[in-house]
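Some notes on the structure that comes next.
The values are calculated or read from the model by the stated rules, or taken from the named source; none is laboratory data. Because the structure is predicted, anything quoted here is derived from the model rather than measured. As a convention, Cβ positions derive from the backbone with ideal geometry for all residues, glycine included, and neighbour counts pool all protein chains shown.
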Amino acid sequence: MIETDNQKNRITSDFTKAIKEFELYEKFYRTLSDNGIKYLKSLSGKYKQILSNIQKIILPSIKRNCPTCNINCCHLSSPELSIYVAGTVGGFSIVDYLLIRCDTVLPEPYYDNVEKNLCPFWKDGCVLPVDCRSYLCIQYFCDKLRKELDMTLVSKYLEKAKLVLNKFSIGECMV
């Protein structure tokens, strides 16, 4: 019981910090100059196209399997199943947030979900547009999906997404 309470307290503390960090991502985005936005847009379109391509491949399997699955991958604290960590909001880093945010206003996170141990972008499914999901989220596949999907093709797109993320420079956004 004490261990469970400690874990809940740690998750709540980590998530509280994550909310503040996530809010800073938006504040940073809003301070970008025209040149910063131009740089951001030069990579964002490519990144979002890669995410869309991944979704085209995986969505049919997700629609078939996920609604009836007993495992909710969007839990924050079950380490053996979770793709999210309580130290983030929706699995976003500042880089994938900026690449996604530059031409899309994201839905408001449901921060009450932390009490249910769920991702704040979960409400009877992911509320984020398919080309606006975090890299952490799009790279996770349960065993059932892995067996059903062409993981070689998915992996090629994930590698392309990773290349865009690695190429991105916060410093270039600040010029």
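Brief remarks on what is shown
- Long-range neighbours under 7 Å by Cβ, at least six apart or interchain, first residue within 19 Å of N166 (Cβ to Cβ) within segment 115-143, second part of a strand (DSSP E or B): R133/C126
- Of all residues in segment 25-40, those that are surrounded by 12 or more Cβ atoms within 10 Å (Cβ to Cβ) and free of Cβ contacts under 8 Å to residues at least 24 places away in the same chain total 1.
- Of the residues making up segment 120-134, not a single one is in a helix (DSSP H, G or I) and surrounded by fewer than 17 Cβ atoms within 10 Å (Cβ to Cβ).
- Of all residues in segment 41-73 being among the hydroxyl-bearing types (S, T, Y) and surrounded by fewer than 18 Cβ atoms within 10 Å (Cβ to Cβ), the one that is modelled with the highest pLDDT: S52
- Taken over segment 92-119, the residue count meeting the criterion of being at pLDDT 90 or above and assigned to a loop (DSSP other than H, G, I, E, B) is 11.
- If the condition is being over 20 Å from T88 (Cβ atoms) and either surrounded by 16 or more Cβ atoms within 10 Å (Cβ to Cβ) or free of Cβ contacts under 8 Å to residues at least 12 places away in the same chain (or both), then segment 149-159 contributes L149, M151, T152, V154, S155, K156, Y157, E159.
- Residue list for segment 136-171, restricted to those being over 16 Å from N65 (Cα atoms) and in a loop (DSSP other than H, G, I, E, B): Q139, F168, S169
Condition check ((1) within 15 Å of the chain's Cα centre (by Cα); (2) farther than 21 Å from G36 by Cβ) across all residues:
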{"residue": "I94", "(1), (2)": "yes, no"}
{"residue": "D103", "(1), (2)": "no, no"}
{"residue": "F121", "(1), (2)": "yes, yes"}
{"residue": "G125", "(1), (2)": "yes, yes"}
{"residue": "P129", "(1), (2)": "yes, yes"}
{"residue": "K147", "(1), (2)": "no, yes"}
{"residue": "D150", "(1), (2)": "no, yes"}
{"residue": "K156", "(1), (2)": "no, yes"}
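- Contacts under 6 angstrom Cβ, first residue in segment 95-110 being on the phi > 0 side of the Ramachandran plot and among the aromatic types (F, W, Y), partner surrounded by fewer than 19 Cβ atoms within 10 Å (Cβ to Cβ) and in a loop (DSSP other than H, G, I, E, B), 6 or more apart: none
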